[in-house]
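Shown next, in structure tokens, is the structure this report addresses.
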Amino acid sequence: MRDRLLAAEKVKAIDWRDGALYLLDQRILPFEETWIAYTSAAGVAEAIRSMVVRGAPAIGISAAYAMVLSARARIAEGGDWQAAWEEDYALLADSRPTAVNLFWALSRMRDRLDRLKEDADPLAALEVEAIAIHESDREANLTMAQLGVDLIRKHQGNAQAILTHCNTGALATGGFGTALGVIRGAFIEGMVERVYADETRPWLQGSRLTAWELANEGIPVTLNADSAAAHIMKTKGVTWVIVGADRITANGDVANKIGTYQLAVNAMHHGVRFMVVAPSSTIDMNLASGDEIPIEERDGRELLEVGGKRVGADVDAFNPVFDVTPADLIDAIVTEKGIVERPDTAKMAQLMCRKRLH
Ligand SMILES: CSC[C@@H](O)[C@@H](O)C(=O)COP(=O)(O)O
């Protein structure tokens, strides 16, 4: 399974080469595959804000490389370069509020600088750290895929229908994906008959990105409107809903793409199992519950317009782009440190004490 999973890394969203960060512009996929080169932290912050790069782990990795770009520019300027580096740090931290991977990666970069020996080269150390963040996300994808597949097998090993939301694949991570990594692994093991992909209004991460990734690999995928999910659970033999996460709190509540919460409610009603797949960099033990998670609200025009053309009436639009699924609706959280079934505060604390499994 490992080799076939790694083949899915042919698709990637982030490339660090020749001292620049290259991001695949996810706003225009699947119609155009355009890479944009970034050489400044401000440029990367704007790329995150405007969704050139998206998906919690991918945002964190991009921010880490942005801090390398910042160090190079600020050291060249001379003077108190660390104060200027902190300004870039703040700019990046302000780009999107919900995915904690962003803040996790930034603080790892700052810690690296704080631990630097006096004669060490800060730029080289930061680059090594950013690459390590990227690499460890790839590794985490592999471990989670294996654990998630084992969990599916434990409950029901034969081919089944799976429903997913948003995009959690190679485009959203440093590897081949979190939830989509488990789905890929389950398909390789002959345990997936069909994947139902929610289109994921309003950015259409499901129809543009997830459906594209799966179809490219010959994994049977059917696209559906988000509002069809309950009907599909009732009529199409769905056994698992498998999603990613942007922030998981100390009690096991999960923030993910808007619409995830209603999937969990519907899954509970229909007896469909609900799995969340996320690396431990998505877990925020500083927040007691999901009520404390800052939920990003984006411009209402994202709902009122399609392709820049007005389609909605002249009214206000409320556009929260994440919601919080309470822990008691979740069957399992799969991380690279292990699986937490029926999450609660004690089990999450135990998980975070464990070492990574790879
Ligand atoms: C592995 S990605 C997990 C989440 O980041 C994903 O489900 C999601 O909600 C992405 O939202 P986005 O707004 O596209 O950044």
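The values are calculated or read from the model by the stated rules, or taken from the named source; none is laboratory data. Source: prediction; values computed, not measured. No Cβ is skipped: glycine too gets one built from the backbone with ideal geometry, and neighbour counts run over all protein chains shown.
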Practice item. Taking GLU292 as the residue in question, decide whether it is of a type in the set (Asp, Glu), in the same structural domain as ASP246 (by TED's automatic domain parsing) and within 16 Å of the ligand (Cβ to nearest atom). Key: no
Check your understanding: Among the residues of segment 1-19, which ones are crowded, with 17+ Cβ neighbours inside 10 Å and part of a strand (DSSP E or B)?
Key -> ILE14, TRP16
**Study point:** Number of the condition not met by MET285 [criteria: (1) under 19 Å from the mean Cα position of the chain (by Cα); (2) within 14 Å of the ligand (Cβ to nearest atom)]
**Key:** (2)
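Residues checked against (1) of a type in the set (Val, Ile, Thr); (2) closer than 21 Å to ARG273 by Cα:
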{"position": "VAL149", "(1), (2)": "yes, yes"}
{"position": "ILE152", "(1), (2)": "yes, yes"}
{"position": "LEU163", "(1), (2)": "no, yes"}
{"position": "LEU180", "(1), (2)": "no, yes"}
{"position": "ARG184", "(1), (2)": "no, yes"}
{"position": "VAL192", "(1), (2)": "yes, yes"}
{"position": "SER207", "(1), (2)": "no, no"}
{"position": "ALA225", "(1), (2)": "no, yes"}
Revision key, fill the gap. Of ALA37, ALA66, the only residue that is of a type in the set (A, V, I, L, M), more than 13 Å from the ligand (Cβ to nearest atom), in contact with a strand residue (DSSP E or B) (Cβ under 8 Å, 6 or more places away or on another chain) and not in a helix (DSSP H, G or I) is ALA37
Check your understanding: Out of all the residues in segment 317-336, is one or more more than 13 Å from the ligand (Cβ to nearest atom), in contact with a helix residue (DSSP H, G or I) (Cβ under 6 Å, 6 or more places away or on another chain) and over 22 Å from MET144 (Cβ atoms)?
Key -> yes
Check your understanding: If you scan segment 194-235, which residues turn out to be aromatic (Phe, Trp, Tyr) and within 18 Å of ASN319 (Cβ to Cβ)?
Key -> TRP203
Exercise for review: Among what's in segment 195-210 and is touching a residue at least 40 places away in the same chain (Cβ under 8 Å) and under 21 Å from LEU6 (Cα atoms), pick the residue that is surrounded by the fewest Cβ atoms within 10 Å (Cβ to Cβ).
Suggested key: LEU209
Point to revise | From the options PRO97, PRO30, residue that is touching a residue at least 60 places away in the same chain (Cβ under 8 Å) and closer than 23 Å to ALA211 by Cα | key: PRO30
Point to revise | Yes/no for ASP246 being within 27 Å of GLU305 (Cα to Cα) and in contact with a Phe, Trp or Tyr (Cβ under 8 Å, 6 or more places away or on another chain) | key: yes
Practice item. State yes or no: is ALA83 among the aliphatic types (A, V, I, L, M), free of Cβ contacts under 8 Å to residues at least 60 places away in the same chain and part of a loop (DSSP other than H, G, I, E, B)? Key: no
Review point. Just checking, how many residues over segment 1-44 are among the aliphatic types (A, V, I, L, M) and at pLDDT 95 or above?
Key: 13
**Study point:** Odd one out for GLY190, checked against (1) touching a strand residue (DSSP E or B) at 6+ places or on another chain (Cβ under 6 Å); (2) on the phi > 0 side of the Ramachandran plot
**Key:** (1)
Practice item. Being in the same structural domain as TYR22 (by TED's automatic domain parsing), crowded, with 17+ Cβ neighbours inside 10 Å and among the acidic types (Asp, Glu) narrows it down to one of ASP111, ASP88, ASP80, ASP94, so name that one. Key: ASP88
Review point. Restricting attention to segment 94-121, which residues are within 16 Å of the ligand (Cβ to nearest atom) and either in a helix (DSSP H, G or I) or on the phi > 0 side of the Ramachandran plot (or both)?
Key: VAL100, ASN101, LEU102, PHE103, TRP104, ALA105
Review point. How about segment 297-338: which of its residues are acidic (Asp, Glu), under 29 Å from ASP94 (Cα atoms) and part of a helix (DSSP H, G or I)?
Key: GLU302
Check your understanding: Would segment 42-50 turn up any residue that is more than 26 Å from THR178 (Cα to Cα) and not assigned by TED's automatic domain parsing to the domain that holds ASP323?
Key -> yes
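Table: residues versus (1) buried (at least 24 other Cβ atoms within 10 Å of the Cβ); (2) over 22 Å from ARG201 (Cβ atoms); (3) within 13 Å of the ligand (Cβ to nearest atom).
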residue	(1), (2), (3)
ARG138	no, yes, yes
THR143	no, yes, no
ASP150	no, yes, no
ARG153	no, yes, no
ALA179	yes, no, yes
Check your understanding: Could you count how many residues in segment 236-266 are within 16 Å of the ligand (Cβ to nearest atom) and at negative phi?
Key -> 21
Exercise for review: Would you please list the contacts, defined by Cβ atoms under 6 Å and residues six or more apart or on different chains, that run from a residue in segment 333-358 that is under 14 Å from VAL276 (Cα atoms) and of a type in the set (Asp, Glu) to a residue that is at pLDDT 95 or above and part of a helix (DSSP H, G or I)?
Suggested key: GLU336/ALA140; GLU336/THR143; GLU336/MET144
